[in-house]
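Okay, structure first, notes after.
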Protein chains: 2
Amino acid sequence: MRREITGFSNPLLKEIRGLREKKLRKRAGLFLAEGLRIMTEARDAGFLPEMLFRVKDRDVHALEIALETAVLAAGGDVIETSPDILAKLSGKENAQIIMGVYKDHPTALEDIDREQAPIWLVAHAMRDPGNLGTMLRTGDAVGAGGLILIDDCTDPFSVESVRASMGAIFTQKVVQCRWDNFLPWLRAGKGQLVGTSLQTSVDYQAAAYTAPCFILTGNEAQGLPDDYESQCDLRVKMPMCGKADSLNAAVATAVMAYEVLNQFRRPS
Amino acid sequence: MRREITGFSNPLLKEIRGLREKKLRKRAGLFLAEGLRIMTEARDAGFLPEMLFRVKDRDVHALEIALETAVLAAGGDVIETSPDILAKLSGKENAQIIMGVYKDHPTALEDIDREQAPIWLVAHAMRDPGNLGTMLRTGDAVGAGGLILIDDCTDPFSVESVRASMGAIFTQKVVQCRWDNFLPWLRAGKGQLVGTSLQTSVDYQAAAYTAPCFILTGNEAQGLPDDYESQCDLRVKMPMCGKADSLNAAVATAVMAYEVLNQFRRPS
């Protein structure tokens, strides 16, 4: 249905703004994604928003018309409103002129088909939503199947994570599980678990990766717990030429993932 | 001098809090760095804070005693205060128990010795302080000489950038200049300028890099301007297997920088 919201006091706005709190967001099972480009990618991947918010009275891109038509046809709402209200919803000053409220779509570990992709990213206790979203974006780029979040991670469907994922939240599978569930699942099938470590002398370029390769990244502050690291089939290290002994978690994941991809795409 | 601050109304605190605003920070020529580890790395790199703030009345690490002794010997201040006040200064809830106020140390382009390092990172119009700090951290890891910031970038000495750099703000040279100054400087000596591009078919692993290699990264939203890209000696592309056509700026820089490093460290 197409309708209009003009006042800040509309109760729906409060509900949508609540999606920025993890607890309320999870309870609602909804999340926010912004911008025509990402919302079009979402549609291409099979996701339409329950509600589409748009700034009214302006020139409209053909892609937006197509998107709105699809939302209405699927029984969703198109809600016209003011730039101020959209900014309020997004929590950003220069908000996009269009945003969507989507059903979240976590995947159960058991529903993963590991043979579907040569690379899977696995992250333990990620705290930073920007890092998490960036990992999703990198996963898309290297052709990973998805991101498996181990133990207590920041919410992958938070506004910041979705924003950093640049649409990959719709193309990468997102699993949330405990280590105690992940490890038996992993060992019940094919799969090489690779972790970066300070306690190894194996250079990350000297190791031989095999698909499906599960790249395990530790928490930003502590790295991998020792007993998680000890379960890895391969422990490798990246060269660290300076004073620091580690990279940003999303950066380390990307450097590893591109090495694995490079090995896989090399003619053998 | 060692002294104590107990009240929130102390005018020095207002001054230090002002360092979180770019204009005030630049005018003061000071910046904030947090944590014993980073401050010890700073000292190793030759930087002592003008002022060291510490939570008083607690067990003290030997490294902290060494640091405080050095600060006092150099004529700096050690200021004891409460956890609440330190949290207020840092703007973070779980603040570090020690932080330092340092003189900023931008480097002039002319003072760069390009032969000093095989890799230099160059970034255009970076907007995100987290990305900028992460680039510094990556630069340290790959043995880069420093980060050259082109045109209008976010402040490298902001709290967020310094935090993301994890100490690399003290080990990497930081230059801020205009493109119109950078290009003539670059061309006046040895140096290969490498940019990532969507408009090339050269795989980033197929190109041959030579030192000193200047890796140029474009702004988060727009990428590199065409006329900047056209000045590159090499335009390369990374494989993008998914829906997206780009990586996060700090990730792209790291993937490129590790490829260059890997080529340089390979026995020829």
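The values are calculated or read from the model by the stated rules, or taken from the named source; none is laboratory data. A quick note: this is a predicted structure, and the numbers were derived from the prediction, not measured. Note: ideal-geometry Cβ built from the backbone for every residue, glycine included; neighbour counts use all protein chains shown.
Side notes on the structure shown:
- Only one of A:Asp128, A:Asp180, A:Asp140, A:Asp151 that is of a type in the set (Asp, Glu) and either modelled with pLDDT under 95 or in contact with a strand residue (DSSP E or B) (Cβ under 9 Å, 6 or more places away or on another chain) (or both): A:Asp151
- Residues (within 25 Å of the chain's Cα centre (by Cα) and not aromatic (Phe, Trp, Tyr)) located in the range A:220-230: A:Glu220, A:Ala221, A:Gln222, A:Gly223, A:Leu224, A:Pro225, A:Glu229
- Residue list for the range B:57-101, restricted to those being of a type outside the set (A, V, I, L, M) and surrounded by 15 or more Cβ atoms within 10 Å (Cβ to Cβ): B:Glu64, B:Glu68, B:Gly76, B:Asp77, B:Glu80, B:Thr81, B:Ser82, B:Lys88, B:Ser90, B:Gln96, B:Gly100
- When residues of the range A:246-268 are limited to those that are more than 14 Å from A:Asp140 (Cα to Cα) and under 16 Å from the mean Cα position of the chain (by Cα), the one nearest to the other protein chains (Cβ to nearest Cβ): A:Val251
- Residues of the range B:30-62 classified as part of a loop (DSSP other than H, G, I, E, B) and away from every other protein chain (no Cβ under 14 Å), total: 9
- Against the list (1) in contact (Cβ under 8 Å) with a residue 24 or more places away in the chain; (2) within 14 Å of another protein chain (Cβ to nearest Cβ); (3) closer than 29 Å to B:Gly133 by Cα, the condition A:Phe214 fails is (2).
- Checking B:Arg127 against (1) assigned to a strand (DSSP E or B); (2) in the same structural domain as B:Glu160 (by TED's automatic domain parsing), the condition it does not meet: (1)
- Considering residues of the range A:143-156 that are within 14 Å of chain B (Cβ to nearest Cβ) and not hydrophobic (A, V, I, L, M, F, W, C) only, the residue farthest from A:Gln172 (Cα to Cα): A:Gly143
- Of the criteria (1) at pLDDT below 95; (2) more than 10 Å from every other protein chain (Cβ to nearest Cβ); (3) surrounded by fewer than 21 Cβ atoms within 10 Å (Cβ to Cβ), which one B:Val159 fails: (3)
- Hey, B:Lys103 within 15 Å of the chain's Cα centre (by Cα) and among the charged types (D, E, K, R) or not: yes
- Subset of the range B:130-151 (residues that are in contact with a Gly (Cβ under 9 Å, 6 or more places away or on another chain), part of a strand (DSSP E or B) and surrounded by 24 or more Cβ atoms within 10 Å (Cβ to Cβ)): B:Ala144, B:Leu147
- Subset of the range B:99-142 that is within 11 Å of another protein chain (Cβ to nearest Cβ) and of a type in the set (S, T, N, Q) - its residue that is nearest to B:Arg187 (Cα to Cα): B:Thr138
- Given (1) touching a residue at least 40 places away in the same chain (Cβ under 8 Å); (2) closer than 16 Å to A:Val122 by Cβ; (3) crowded, with 17+ Cβ neighbours inside 10 Å; (4) not acidic (Asp, Glu), index of the condition A:Thr154 fails: (1)
- Residue check, B:Tyr209 within 11 Å of another protein chain (Cβ to nearest Cβ) and either at pLDDT 95 or above or within 23 Å of A:Ala244 (Cα to Cα) (or both): no
- When the residues of the range B:99-124 are filtered to those that are in a loop (DSSP other than H, G, I, E, B) and not aliphatic (A, V, I, L, M), the one that is farthest from B:Leu193 (Cα to Cα) is B:Asp104.
One line per residue, one yes/no per condition, for (1) out of contact with any strand residue (DSSP E or B) (no Cβ under 8 Å at 6 or more places or on another chain); (2) in the same structural domain as A:Cys177 (by TED's automatic domain parsing); (3) hydroxyl-bearing (Ser, Thr, Tyr); (4) without any contact (Cβ under 8 Å) to a residue 60 or more places away in the chain:
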| residue | (1), (2), (3), (4) |
| --- | --- |
| A:Pro11 | yes, no, no, yes |
| A:Lys14 | yes, no, no, yes |
| A:Gly18 | yes, no, no, yes |
| A:Ala28 | yes, no, no, yes |
| A:Arg37 | yes, no, no, no |
| A:Val71 | no, no, no, yes |
